[in-house]
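Here's the structure, in structure tokens; my notes come after.
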Amino acid sequence: MSAPADPRLILREDELDAGLELLLLAEASLWAAVDQGLEAEALGLGRSHWRAAFLLRRRPGVGVQELAHLTSLSKQAASRILVDLAAKGLVEKQAGDVDGRRRSAALTPRGEAFESAISERLRSQLTRAYRIGGLDGVAGARAILAAMAGGRMRNPGAGGGRP
């Protein structure tokens, strides 16, 4: 359970705009690193493919519907991304336990290597930023981002997935 919001926190529009600007600039920096990694991998895949691979590593067994929810893609787009990844040998689809029509996806060893090569670039970037922000900054940043992610988080306090 998260702590209640501090009623003393009142942010002016210019402070909120400064925060939005920082989020947009940080996002651009992260996507630039993803783009460089995708180019180095030379598989002809895009950002959505890496994002799907990352989420599959963090949440094994994700299916099309959950992937669409997590990424705000349509179900058709999420399905296409998984088809593309499977065609490159990065993902394999498995029939669901309860309903054979619902198919989950899992990274293959090649898919894990693809995801890891790109994610390592981002982890390095995040490590540098966290070190600058300090211990309190890490906790604060995670709390803010988890609150913004809202219903997409399984357990906002845990950060999801493996350590």
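The values are calculated or read from the model by the stated rules, or taken from the named source; none is laboratory data. Quick caveat: nothing in here was measured; it's all calculated off a predicted structure. Because the Cβ atoms are built from the backbone with ideal geometry, glycine has one as well, and the counts that use them run over all protein chains shown.
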Total residues in the stretch 38-51, condition surrounded by 10 or more Cβ atoms within 10 Å (Cβ to Cβ) and under 20 Å from residue 73 (Cβ atoms) | 9
When you scan the stretch 69-98, how many residues do you find that are farther than 23 Å from residue 35 by Cβ and surrounded by 16 or more Cβ atoms within 10 Å (Cβ to Cβ)?
-> 1
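Residue check: is residue 63 closer than 23 Å to residue 125 by Cα and over 13 Å from the mean Cα position of the chain (by Cα)?
Numbers: closer than 23 Å to residue 125 by Cα: no; over 13 Å from the mean Cα position of the chain (by Cα): yes.
So residue 63 does not fit the description; no.
Rundown of residues vs (1) touching a residue at least 60 places away in the same chain (Cβ under 8 Å); (2) surrounded by 12 or more Cβ atoms within 10 Å (Cβ to Cβ), yes/no style:
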| residue | (1), (2) |
| --- | --- |
| 5 | no, no |
| 16 | no, no |
| 30 | yes, yes |
| 106 | no, yes |
| 115 | yes, yes |
Looking at (1) of a type in the set (A, V, I, L, M, F, W, C); (2) closer than 20 Å to residue 94 by Cβ; (3) at pLDDT 95 or above, find the lone condition where residue 50 falls short.
-> (2)
